[in-house]
Amino acid sequence: MKKGLFISIEGLDGSGKSTQIQYMKRFMEDKGFEVLLTREPGGTVIGEKIRDIILDKQHQEMADTTEVLLYAASRAQHVQQFILPALQEGKVVLCDRFVDSSIAYQGGGRKLGCSLVKEINRFATQGLKPDLTIFFDISPVTSLQRISSKEIDRLEQEKIDFHEAVYNAYKELCREEPHRIKVVKADRDIEAISRDIQGLLIKLIKEGNL
């Protein structure tokens, strides 16, 4: 049985996740918790190699089914080798993306079907779900504008229709699981976003989850 706390961060690329997860780590550490920061795909040596394969722009021939299974394979290793042991030790795990990303990107964006992607990942994760998921809500147009100046990966270079489908799948997830997934408007200044997130973290702590 897990004793720690598992928090995932979700949203479109360019939504500000990478900045805010660092603030979250410092905030939880200041509260006295041991915090481990990780990401998906990746988080382990095997997972990082799979990440390189998935995101490499040279792999344009990759089938959608291959893509969803590679994400699940990386996640299975991540859960088994890293996340579950940390939770069993009572640590806080902050993860940049988890199953919800696959549901949104492969289920919605690739149109493989959200139910299928959920089932694949239920097996890969041994049924593990985050205690709290924070969705960074930003429009696809704005998110693409934010990432246009940096080197983009294979998924980021998809057309706007793909990113809109991903966004809509995320919004549906938020409607399905409002108790777990909390929405934070990400088109504001960093400090305002951080204050909202800290409020969510404080509520989680007070509820006695750790």
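Here, each number is a calculation from the coordinates, and none is a lab measurement. The structure displayed is predicted, hence computed values, not measured ones. Please note: Cβ atoms are built from the backbone with ideal geometry, for glycine as well, and neighbour counts cover all protein chains shown.
Here are the numbers for this structure:
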{"quantity": "Pairwise label distance in nanometres, residue 147 with residue 202, each label 7 Å out on the Cα-Cβ vector", "calculated": "3.3"}
{"quantity": "Centre separation in Å (Cα based) which lies between the range 133-198 and the range 1-49", "calculated": "16"}
{"quantity": "Pairwise label distance in nanometres, residue 29 with residue 177, each label 7 Å out on the Cα-Cβ vector", "calculated": "2.8"}
{"quantity": "Sequence-separation-based contact order of the chain, relative, with Cα cut under 8 Å and 6+ spacing, percent", "calculated": "32"}
{"quantity": "Segment residue 189-residue 123, extension gain: residue separation times 0.36 nm, minus the distance between their alpha carbons", "calculated": "19.9 nm"}
{"quantity": "Length gained when the stretch residue 139-residue 3 is fully extended (0.36 nm per residue, less Cα-Cα span)", "calculated": "45.4 nm"}
{"quantity": "Computed helical MRE - 222 nm, the chain, DSSP H runs ≥ 4 contributing -39500 (n - 2.57), nearest 500", "calculated": "-15000 deg cm²/dmol"}
{"quantity": "Estimated FRET transfer efficiency (residue 57, residue 89; beta-carbon r; R0 45 Å; 0.05)", "calculated": "0.75"}
{"quantity": "Lys, Arg +1 and Asp, Glu -1 on Cβ, resulting dipole of the chain about Cα centre, debye, nearest 20", "calculated": "560"}
{"quantity": "Cross-link table 182/206; 31/203; 91/185; 182/203; 118/171; 57/171, entries beyond 19 Å C-alpha to C-alpha", "calculated": "91/185; 57/171"}
